[in-house]
Structures are given as C-alpha cells and as structure tokens.
Amino acid sequence: MHTVLGANGPIGEELTRELYRTFTHDIRLVSRNPVKIHDTDQLVKADLTDPEATARAVEGSEVAYLTVGLPMDSELWERQFPSMMRNVIDACAKHGTKLVFFDNTYMYPGTTTPQTESTGFEPNGRKGQVRAQIATMLLDAMSAGSIEAVICRAPEFYGPGKTKSLTNSLVFDRIKAGKRPLVPVSAKTVRSLIWTPDASRAMALIGNTPDAYGQTWHLPVDPHRLTYAELVDVAGQVTGRRIRYTVLPLAVFRIGGPIVKPLGEVQELLPRYRGDNIFDSTKFTTRFPDFTITSYREGIRAILG
C-alpha cells in the first residue's frame, strides 16, 4: 500500500497518477475530503493535525508521501505544519512506514548563490521559519534512525490544472485569460521553475528507489533557465500574439501588503526575485539520467495551448 497524505492538491494528484501508471494500483488517498482518481483508489478522511487520525491513515502502508499544501497564511502554517509533521513522523515510526516528504525552498537564503542539497537554512520570514522547522524535525528523526525517509525539494511551481504559484497566477493564468501578465520585481533575472507533473513523477521515482532514502534530493528543473521576459516571449511564440507585460516593483508589495493580505504573505520570498534564482538538480539528473524533464517551451505550450 502506497499512501498519499494531502491527496487533493496538484502534486498529490499527479503523484497518484504516476504511482498507478508505473509502480502500484494499491493506493490510499488521504485528505479532509479525498476524491478518487482511479476506481481502485482507497479513500480515507483524516485531519493530519490529529495524531490518532494520522496513525489510522498511515497504518498498513509501505510508503507514505506527505504532499500537504496550505494557503499562504503564516499563522495557519505555524499552527498546523509542525503538528502535521510530528504526527506523520510518529505514525510512520509506529507502523514501520517509509516517508517521502515533498518540500519547498522557503527556508533557503534569498541570494543569487546556486541552491544545492547542502545549502543551509536561512529563512527570511515566518513561513520560511516553519519550513525550516519541519524539515529539521524530519532530518533529526532520520538521523536518530527512528524513521526511514527521504526529502524531495522543489522550487516554485508552474504547471497545468490546479497548479498554484506566483508565476502561474500573475503570468501564465493572466496570459491564458487574455490579460496583461504581471512580473514580480524583475523581468531580467533568471528563474528556476519546476513543472508540477515532473515534480510528482520524480518524487514517485525517488520513493520507489531504495538507495535514495536517507537523503535530500532536489527535484529536476529544466537546466536552460529563462528570465520572465524570455518566458513571456516564449508564451507569445506559442500563442502567436505579441504579449506586453508590466513589472510589479518591490514597492507595490510593500505598500499593498498591509492592505491586501496575499501581497503581504509573499513579501518574504521577494528577495529571490531581485536576482537570479538557480536551483541545482544535478544530483537527481546524475542519479536518474533517463528521466525526461519538460522544457519551459513544452510546459508553456501545455498551459496555453
């Protein structure tokens, strides 16, 4: 049994499809209101902030994949993510279940230094502090030998369907709706974006590779990174129309933050938009050279086509 904790998000759904397609049909989907993707999926309703419910959800699982996402709300993250991680670690330790944790880069410093699996945690705000806390909780449990686990870390998303990210909402969703895209901070700095189906396929692969455990892995990104100006240009080529964009300077987020909550919640991430953002996934591509990475052009075509 492979169990997806947080099964209704874009990562969880794509992960479920890949597990079914490639590894197993014995899949359990866990969330507050899980929905079947395949007829054979087993559904379990559970609140992962409840330790007993979490233990029941994990029981009987060979591998559990923690893919839970929460809205951009610092207070909510501080209240729920640590208890979720504690409960999942305890449940996996109790039942001898391996854990695959889908992580992000919020705890990394917002500098132009390339990010690797050995990059230290230097969070720039409350959400980054929470992510550093829960990643450290898992690393400590792994180091103590109480759980067999692996961390799969991804940069900012872009992708189809329910994919949510700053880039999707401000750039690609607006282009698709025929609106002028809004570029955060700078159009001239290089971005590292991960195609959400690639992230899920890579996580499924890592979770089913025994020697991958006990480590942190950066999930694969297109190494031919583009700036926002170049991404918009590709979108223009794909749609066959000229697309103009507007850059939102830092001042917009600073002034609007106290008034519009979403603007305030993204402020801690903005330093990484001022300069090049290089997320290095060399470790993954070296270990899994046959994995096919979706190019930015292919991804943009799939979103806008």
Margin query: Any residue that is closer than 25 Å to residue 235 by Cα, in a loop (DSSP other than H, G, I, E, B) and at pLDDT below 95 - is there at least one of those in segment 285-305?
Written below: yes
Notebook entry, point to check: Can you spot a residue in segment 17-26 that is of a type in the set (Asp, Glu), part of a helix (DSSP H, G or I) and under 17 Å from residue 203 (Cα atoms)?
Noted result: yes
Next item on the list: Answer with yes or no whether residue 54 is of a type in the set (Ser, Thr, Tyr) and in contact with a Gly (Cβ under 9 Å, 6 or more places away or on another chain).
Entry: no
Check: Filtering segment 108-121 down to residues that are under 15 Å from residue 271 (Cβ atoms) and polar (S, T, N, Q), which residue is surrounded by the fewest Cβ atoms within 10 Å (Cβ to Cβ)?
Finding: 113
Margin query: Restricting to segment 36-55, and then to whatever is in contact with an Asp or Glu (Cβ under 9 Å, 6 or more places away or on another chain) and over 12 Å from residue 4 (Cβ atoms), can you tell me which residue is surrounded by the most Cβ atoms within 10 Å (Cβ to Cβ)?
Written below: 54
Margin query: Here are the criteria: (1) modelled with pLDDT under 95; (2) within 30 Å of residue 85 (Cα to Cα). Tell me which single one residue 192 does not satisfy.
Written below: (1)
Notebook entry, point to check: Is one or more of the residues making up segment 122-135 surrounded by 20 or more Cβ atoms within 10 Å (Cβ to Cβ), assigned to a loop (DSSP other than H, G, I, E, B) and of a type in the set (Val, Ile, Thr)?
Noted result: no
Next item on the list: Report, by residue number, each residue of segment 41-93 that is within 20 Å of the chain's Cα centre (by Cα), of a type in the set (A, V, I, L, M) and not in a helix (DSSP H, G or I).
Entry: 48, 63, 64, 66, 68, 70, 72
Next item on the list: Identify all residues within segment 129-166 that are in contact with a Lys or Arg (Cβ under 9 Å, 6 or more places away or on another chain), without any contact (Cβ under 8 Å) to a residue 60 or more places away in the chain and farther than 16 Å from residue 218 by Cα; write none if there are none.
Entry: 134, 137, 147
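The values are calculated or read from the model by the stated rules, or taken from the named source; none is laboratory data. Note that this is a predicted model, so its numbers are computed, not measured. Methodologically, a virtual Cβ is constructed for each residue, glycine included, from the backbone with ideal geometry; neighbour enumeration extends over all protein chains shown.
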